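The values are calculated or read from the model by the stated rules, or taken from the named source; none is laboratory data. Remember, predicted model here, so these are calculated numbers, not experimental data. When we count neighbours, we look across all protein chains shown, and the Cβ atoms used for this are built from the backbone with ideal geometry, even at glycine. The protein model used for the area step is the full one, side chains on, heavy atoms only, and it has no ligands, DNA or RNA in it. Shrake-Rupley method; radii C 1.70, N 1.55, O 1.52, S 1.80 Å.
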Amino acid sequence: MFRMDDKGIVMNLIESRDYFRSALKNTYDTPAIDYYFKVLIQAFFKWEATIIGLQPRKILTKTELDQLMDAAKRLLASEPLQYITGSAHFCNLEFKVNPAVLIPRPETEELVEWIRETQLQTSKMTLLEVGTGSGCIAVSLGVYFPNAEIHALDIDTAAIEIAVTNADRHSAAINFHSCDFLTLSDWEFPLDRIVSNPPYISPEEKQEMQPNVMDYEPHRALFVPADNPLLFYRKILDFAQQHLKTEGELFFEINPKFLEAMRSLILSYKNYNIYERNDIFGKTRMMRLIKTV
C-alpha cells in the first residue's frame, strides 16, 4: 500500500514502477511495461534506466508522480508512446512529434538508406520531398548530404512547424514549402531527386489497423480515396515529367497491395527504369525510378 501525506500519495521509484506494472498488466506484458517506464523517466526527468537499480527508494515529487500516472492512463487508451514523450527516433536522430504528424517508422528508414546507397556523399544534388510531415526524411538526408539543396513541402502548416523545429535541432538546411501538392502548378527548381512517402492506405484497410494508429495519427497523412489509391503517385509522376532531370531519380514508399497497379502506372509513362526493394518484413515497400528521357 502506498503512503499518504498532506499532498497526496507518496511513492518511491520502485513503487511507481510497480504501480505501472499493475495499471497496465491487462493491456501489455511486463517487458513492454518496463520498457515504457524506462523511456518515460528518461524523457520526462532525464533519468537513465540504471537509476531504478541504483536509487530504487528515490521519492518522486508530486509533479513527477502525476506525469507518470497520466502517462499510464494515456497508454491504457492506446495513445502511442511517441506522442506521450513528444519524440521519436529515426535514422539515429531524435525528432519532435505530435498528433499533427505521423510517427516515423523503420520501413521509411530503409527508404532513406536506399537513397544514401545510391548518392555519393560529396556530390551535390537538388532534392524535393513531397509530404514531409515531421521532416524525418528531409532532415535525415540533410544531415547525410550537407552539400545538397533540399526542399520539402506539406499541406499542413502544423506539420511544417514541427519539421522546421526538427531541421533546426539537427542543423539541417531545408527549404520548407507550405502548399497543396495536388494543386501545385508552378515550380522553379530542376530536380535531381524526388522522394515521397505519401498517403497510400485505402479506406477498406482501416479495419486491419490498430487503435494507436486509427485513434491518434493524422488520417490525412494515411488515407487515400477508395476510387483513386494512386492519386499522389500519379501527381508526382506528372510533376516529374516537367521538373525531374533526365537520369534523375524518384524514390517512393508504397503500399504492397498496390504493387501491380504501381508498375502499370509507371510503365504508362514509358521513360523510367524501375527498381524495387523489400522492407524488413519481406514486403515490396520501396521503388526507385530512374528517368531515361
The chain, Kirkwood Rh and Cα Rg, ratio Rg/Rh at 1.05
Taking every DSSP bridge whose two residues both lie in the chain, the antiparallel percent to the nearest 5 is 50 percent
Inverse of <1/r> over all distinct C-alpha pairs of segment 21-86, i.e. the Kirkwood Rh in Å, gives 12.3 Å
For segment 117-203, listing GluC sites (Glu not before Pro) in a DSSP loop whose Cβ sees at most 11 other Cβ atoms within 10 Å gives Glu188
Between the Cα axis of helix 157-169 and the main Cα principal axis of the chain, the angle (0 to 90°, nearest 10) is 80 degrees
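Carbon and sulfur together cover what percent of the accessible area of segment 148-293 at a 1.4 Å probe radius? Could the numbers behind the result be given before it?
Numbers: 3480 of 7220 Å².
Carbon and sulfur together cover 48 percent of it.
Of all accessible surface on segment 1-139 at a 1.4 Å probe, what whole percent is carbon and sulfur?
51 percent
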Between Met11 and residues 5 or more places away or on another chain, the pairs with built amide H atoms under 5 Å apart involve Leu60
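May I ask for the equivalent-ellipsoid semi-axes of segment 113-203, computed as the square root of five times each C-alpha gyration tensor eigenvalue and listed largest first in whole Å?
Working through the eigenvalues yields semi-axes of 20, 15, 14 Å.
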Filtered hits (lysines, Cα-Cα < 17 Å from Lys124, offset >= 8 within chain) -> Lys245
With Cα coordinates, the longest principal axis of the chain makes an angle with the long axis of helix 30-45, in degrees rounded to 10, of 90 degrees
Counting all Cα-Cα pairs in segment 198-293, those more than 15 Å apart amount in percent to 63 percent
The correct pair for segment 134-293, radius of gyration to one decimal and Dmax as a whole number, both in Å and from Cα atoms, is 16.0, 45
Cross-link reach from Lys257 to lysines, straight Cα distance under 18 Å and at least 8 residues apart if same chain, gives Lys206, Lys283
With every protein chain kept in place and a 1.4 Å probe, the chain has an accessible area per residue in Å² of 50 Å²
Per DSSP, the loop-located trypsin sites (Lys or Arg not before Pro) within segment 26-74 having at most 15 other beta carbons within 10 Å are Lys46, Arg57, Lys58
Scoring segment 198-273 by relative contact order with C-alpha pairs under 8 Å, at least six apart, yields a percentage of 34 percent
Among beta bridges assigned by DSSP with both residues in segment 86-155, the antiparallel ones amount in percent, to the nearest 5, to 45 percent
Over all directions, segment 1-151 yields a Cα convex hull whose mean projected area in nm² is 11.3 nm²
Relative to the chain, whose Cα atoms define the longest principal axis, helix 106-118 and its Cα axis are tilted in degrees, nearest 10, by 40 degrees
Note on segment 188-246: C-alpha Rg/Rh, Kirkwood Rh, two decimals, gives 1.11
From the Cα centre of segment 142-166 to that of segment 276-293, the distance in Å is 23 Å
